[in-house]
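Below is one structure, written out as structure tokens, with a few remarks after it.
The values are calculated or read from the model by the stated rules, or taken from the named source; none is laboratory data. Every value quoted in this text rests on a predicted model; they were computed, and no experiment measured them. Using ideal geometry, Cβ is built from the backbone for each residue, glycine included, and neighbour counts are taken over all protein chains shown. With ligands, DNA and RNA removed, areas are computed over all heavy atoms of the protein, side chains included. Shrake-Rupley method; radii C 1.70, N 1.55, O 1.52, S 1.80 Å.
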Amino acid sequence: MASHRVVKAVLVAAIASFHLASAAARGAEAPDTEALPWASRVVRFSGAPGGICAVVGQADAELATALSKEGSFVVHCLAPDPAACDSLRKAIRSRGLYGTVSADTLEGGRLPYTDNLVNIVLVDSYPALVRGGLAPDEVVRGLAPLGTAQGGT
């Protein structure tokens, strides 16, 4: 079953790269008019009607809040540093969604989840996170059976 998850993750990496890279290019302040349709595609592809969604890296608050509206998801953003985390928290609170969507700092390259828990993992800036200690096996470890991982540049 683990190989099925890895294959599924590889199939969507190129698609996810496009959205996550365009979000980074827009910057944190620019509104993302594509977040809701993108979130819908991510959820549809995953097949998960709800559960836990982790957004790891230079998390996009627009995408994170949009994901929370696509089914019954609790969205957990893991930012690379405290400043990015504070920025995410501010954006999430401004939308009145803190609780359903939350933000923390990724520390030590280990996802703060038990094995087989997370239904969707979106990883932005994957090469930078790998250099910081996040291993591909760590992402797969946290995925629930039939969960999906999607990565960007």
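Considering only residues in the stretch 126-144 that are open to solvent by 30 Å² or more (accessible area, probe 1.4 Å) and within 14 Å of the chain's Cα centre (by Cα), the one that is nearest to VAL74 (Cα to Cα) turns out to be VAL140. Condition check: out of contact with any strand residue (DSSP E or B) (no Cβ under 7 Å at 6 or more places or on another chain), under 26 Å from VAL130 (Cβ atoms), modelled with pLDDT under 90 and not aliphatic (A, V, I, L, M). Does GLY57 satisfy that? The answer is no for GLY57.
The residue that is nearest to CYS53 (Cα to Cα), counting only those in the stretch 81-96 that are open to solvent by 50 Å² or more (accessible area, probe 1.4 Å) and assigned to a helix (DSSP H, G or I), is ARG89. Checked against (1) open to solvent by 20 Å² or more (accessible area, probe 1.4 Å); (2) without any contact (Cβ under 8 Å) to a residue 40 or more places away in the chain; (3) aliphatic (A, V, I, L, M), LEU106 passes all but a single condition, namely (2). For the stretch 63-80, a residue qualifies if it is of a type in the set (A, V, I, L, M) and open to solvent by 40 Å² or more (accessible area, probe 1.4 Å), and exactly one does: VAL74. For the stretch 110-153, filtered to residues that are out of contact with any helix residue (DSSP H, G or I) (no Cβ under 7 Å at 6 or more places or on another chain), of a type in the set (Ser, Thr, Tyr) and assigned to a loop (DSSP other than H, G, I, E, B), the residue that is modelled with the highest pLDDT is THR114.
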